[in-house]
Amino acid sequence: MTKNINPKTAPDTCEAVFYEKNLGPVAGVDEAGRGPLAGPVVACALILPPGTIIPGVNDSKKLSPLRRAALAKEIMSAAAAYAYGIVDAATIDKINIHHASLLAMTKAIKGLGIKPRVALIDGKFPPKVGIPTLHIIKGDSHSHLIAAASILAKQARDEIMHALHQAYPQYGFNRNMGYGTKVHKEAIAQHGLCLEHRLSYNSCL
């Protein structure tokens with residue numbers, strides 16, 4: 001269940017500091033899909049109403065698929081705004097995964113229906129989006145907003161991979177989400193690559 005609390009007495013998260021100084025709205029931004037051998041990289045930018053805390057929100061990688069899906073619904077219901085940025089495998093091959101991740105984040109931030117005054121970015125390198133940004137290593141451990149955005153990004157990417165499984169069932173994308181599991185690599189050896197594989201990751205295949 002979503003909790004609404006006074007932003008000035010909120011838990012010690014990065015966004016609480018900005019709201020205390022009346023520097024909102026604040027967006028949290030994270031991406032999913034840097035490491036897989038196939039599929040897109042997906043970023044999410046999220047704005048929650050000031051003081052909104054959703055119990056159970058954590059780094060998306062620490063949540064079971066069922067728990068993540070349930071939390072994603074809560075987050076979307078509570079959000080003031082959220083948007084996704086998606087960059088496909090072919091573009092990843094053209095510009096590399098680092099720049100593709102920044103592009104996905106840029107698309108997500110620019111897609112928000114509410115313009116944030118500050119964006120909190122997970123990782124070492126923030127995109128240039130015309131507003132102040134704060135990049136935070138392991139941001140999903142320090143920012144409720146980033147953790148919530150990571151859940152939406154991961155959930156959206158998983159749904160894309162389930163859809164791609166319908167087109168390419170031989171690779172088991174519904175189970176491996178494009179990551180380089182043993183079964184996935186064996187399927188590549190047997191069937192070759194598909195259009196959703198990242199050719200620039202060929203050394204990993």
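The values are calculated or read from the model by the stated rules, or taken from the named source; none is laboratory data. These numbers were taken from a predicted model, which means no experiment stands behind them. Cβ coordinates were reconstructed from backbone atoms using ideal geometry, including for glycine residues, and neighbour counts include every protein chain displayed. Quick note on the areas: whole protein, heavy atoms, side chains included, nothing else; ligands and nucleic acids left out. Shrake-Rupley method; radii C 1.70, N 1.55, O 1.52, S 1.80 Å.
The condition of being surrounded by 15 or more Cβ atoms within 10 Å (Cβ to Cβ) and closer than 26 Å to K62 by Cα holds for H142. Going through (1) modelled with pLDDT of 95 or more; (2) of a type outside the set (D, E); (3) over 14 Å from the mean Cα position of the chain (by Cα); (4) part of a loop (DSSP other than H, G, I, E, B) one by one, R34 falls short only on (3).
Pairs under 7 Å by beta carbon, first residue part of a strand (DSSP E or B) and open to solvent by less than 100 Å² (accessible area, probe 1.4 Å) in the range 3-26, partner of a type in the set (S, T, Y) and modelled with pLDDT of 85 or more, six or more apart or different chains? The qualifying pairs are V26/Y19.
How many of the residues in the range 83-127 are of a type outside the set (A, V, I, L, M, F, W, C), more than 19 Å from S143 (Cα to Cα) and part of a strand (DSSP E or B)? Summing the residues that are of a type outside the set (A, V, I, L, M, F, W, C), more than 19 Å from S143 (Cα to Cα) and part of a strand (DSSP E or B) in the range 83-127 gives 1. Within the range 137-196, being more than 30 Å from P25 (Cα to Cα), touching a helix residue (DSSP H, G or I) at 6+ places or on another chain (Cβ under 9 Å) and in a loop (DSSP other than H, G, I, E, B) holds for Y168, G172, M177, G178, G180, T181, L193, C194, L195, E196.
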